[in-house]
1. Among the numbered criteria (1) surrounded by fewer than 14 Cβ atoms within 10 Å (Cβ to Cβ); (2) touching a strand residue (DSSP E or B) at 6+ places or on another chain (Cβ under 8 Å), which one does ARG163 miss?
2. Residues in the range 297-320: is at least one under 23 Å from the mean Cα position of the chain (by Cα) and surrounded by fewer than 18 Cβ atoms within 10 Å (Cβ to Cβ)?
3. Pick out, from the range 245-355, the strands (runs of 3 or more DSSP E) lying fully within it that include 1 or more residues that are basic (Lys, Arg).
4. Please find, within the range 259-292, the residue that is farthest from THR309 (Cα to Cα) out of those that are among the aromatic types (Phe, Trp, Tyr) and buried (at least 20 other Cβ atoms within 10 Å of the Cβ).
5. Does GLY380 meet the test of being at pLDDT below 90, part of a strand (DSSP E or B) and crowded, with 17+ Cβ neighbours inside 10 Å?
6. Condition test on LEU432, is it in contact (Cβ under 8 Å) with a residue 24 or more places away in the chain, assigned to a strand (DSSP E or B) and either surrounded by 15 or more Cβ atoms within 10 Å (Cβ to Cβ) or not aromatic (Phe, Trp, Tyr) (or both)?
7. Among all residue pairs at least 6 apart or on different chains, which show Cβ distances below 9 Å where the first residue, located in the range 493-521, is farther than 23 Å from ILE20 by Cα and surrounded by 14 or more Cβ atoms within 10 Å (Cβ to Cβ) and the second is among the polar types (S, T, N, Q) and modelled with pLDDT under 95?
8. Hey, among the residues in the range 407-416 that are surrounded by 15 or more Cβ atoms within 10 Å (Cβ to Cβ) and not aromatic (Phe, Trp, Tyr), which one's modelled with the lowest pLDDT?
Amino acid sequence: MLLALAVRAQEVVTGEVTFITAQHVYVRFEQTEGIAVADTLEVLRDGQSRPCLIVSNMSSTSCVCTVVDGCVVEKQDRVQARRQKSEKEAVKSARPERGTRSQVPPDSSRSSDERIRGRVSAASYSTIPSARENDHRLMYRVSLDADHIAGSKFSAETYLNYRKLYPADPDRRPQRTEIFNVYSAAVSYEPDSNTVISLGRKINNNISSLGAIDGLQAERTMGSFLAGAIVGFRPDIYTYDLNTDLLQYGGYVGTRTNTAALNTRTTIGLMQQTNSGMIDRRYAYMQHSSTFRGNLNLFGSGELDLYSTLNGGARLTNLFVSARYRINRMVDVFGSYDSRKRVIYYETFRNDVEVMLDDDDARQGARLRLNLKPMKSLSGGAAYSRRFQADGANRSENVQLFLNYSRDPRTFGRWSVQANRNTSSYVRSDVLSFRHSRTLIPKRLDMSLYYRAVEYVYGNRSDGSPLTARTSQRYYGADMMITLARTLTFTVLGELSTIREEHNYRVNMSLTKRFDSKKRR
């Protein structure tokens, strides 16, 4: 059983991680209209879509986010947001045409007009520590979406990534230095406005946690109902290449509702995954999202494993629920809970299954966040999160306070201060950070300066002795974004970090070219 509920008055927009600090992740979109503070953004990496970022502040083209516990985010990661349409748009799209009783209008996102859009980028990442060896990387990314090529019923998408590593001593520590990944490469055909057939490597938004699928996918919409089928292969778990031994197949059904007060989508389905013809995993997938009167957003997803070679019992391997409630224009609250167990593939890891099941405690987490905006230029809030297991291991707590003041971007800019305390069983970290951003040349040059002080207090995890050892670390940094042309930007970040006698330097640079045939008209 696969359950997914997504708002009809939503559209998916993609952005890119541009900068990462110890406390924040900065994501750039073409526009952020319809995205709200406390919204959850999904990171797309290795063919997987996972909710990893919480929006804490935003401008017209970028979002300042915090990372959900357990997620790893890298610069230039693709990010997906489910943009809320305005209330006027939602009401208009929900109004049935004269003479029809349908509560769900045709999918207006499917147009026969050609549109080709994409992004090409080249980036370098260099770390130059005083006490260790230097580390350098180059990264090249290409993403392309071509809708209704030459006005036809065919569309295509692709996302490619190439990494080149420059280790300090490759002879003494040999490693793979060139990595090329194809995260998506698919062609779609729409015989009519209600049917889509795709072939290639593609992530299905209705079952996004399944990740990339190498094969054939088909989906049919029938009024307020939808149904889909999948047959293909999982990418290789080590190289991410095509692996025809990992056959998988399944299907899903769903329903959607779209009114002025309520927008929902629900999908349920079943997947079976094999390895060389033998059952590797069989599970039901569940997902739900909804919006009530534009003020309450709910999201939930889960996976229930149905196959076991040992005891035959079902295992709830993944559960995530979240809610955001906008009390008024000045106050909104957000809360989430997740419980995750290790997914077991019985044929892939046949020699380790019993050991993995012995350590089958759920990694759980809860998060609360309060956002305040007493005036247009001033915002702030507080957040609390906790990670824990049934056996008490891997426990951590995080408390965060933040304040932002923003006025004219040229004369005053934006000032931010944030305090954070994270406590685990063996270390406590206290972070105080300041950041100032402003526009130096309108539409041409934006710059930020930041300072961060970190205090670590260590204890002994094995004997439970009190926290005693202390270490201080300081960060001084600046980042700059230069708009060379309307679709061409150059970004650079420089940072100095000091800890004890060490002075470590970090320099990141990237050049990004965007293109969109629709905007050229």
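1. With (1) surrounded by fewer than 14 Cβ atoms within 10 Å (Cβ to Cβ); (2) touching a strand residue (DSSP E or B) at 6+ places or on another chain (Cβ under 8 Å) applied to ARG163, the lone miss is (1).
2. Of all residues in the range 297-320, those under 23 Å from the mean Cα position of the chain (by Cα) come to 297-304, 316-320.
Add one more test, that the residue is surrounded by fewer than 18 Cβ atoms within 10 Å (Cβ to Cβ), and what stays is 298, 316.
Looking for residues that are under 23 Å from the mean Cα position of the chain (by Cα) and surrounded by fewer than 18 Cβ atoms within 10 Å (Cβ to Cβ), one finds at least one in the range 297-320, hence yes.
3. Ranges flagged: 247-258, 262-275, 278-292, 315-326, 331-340.
4. TYR285
5. In short, no.
6. So LEU432 does not fit the description; no.
7. From residues that are farther than 23 Å from ILE20 by Cα and surrounded by 14 or more Cβ atoms within 10 Å (Cβ to Cβ), the pairs are PHE515/THR487; ASP516/THR487.
8. PRO409
The values are calculated or read from the model by the stated rules, or taken from the named source; none is laboratory data. Predicted model, so just to flag it, every value in this text is computed and none were measured. When we count neighbours, we look across all protein chains shown, and the Cβ atoms used for this are built from the backbone with ideal geometry, even at glycine.
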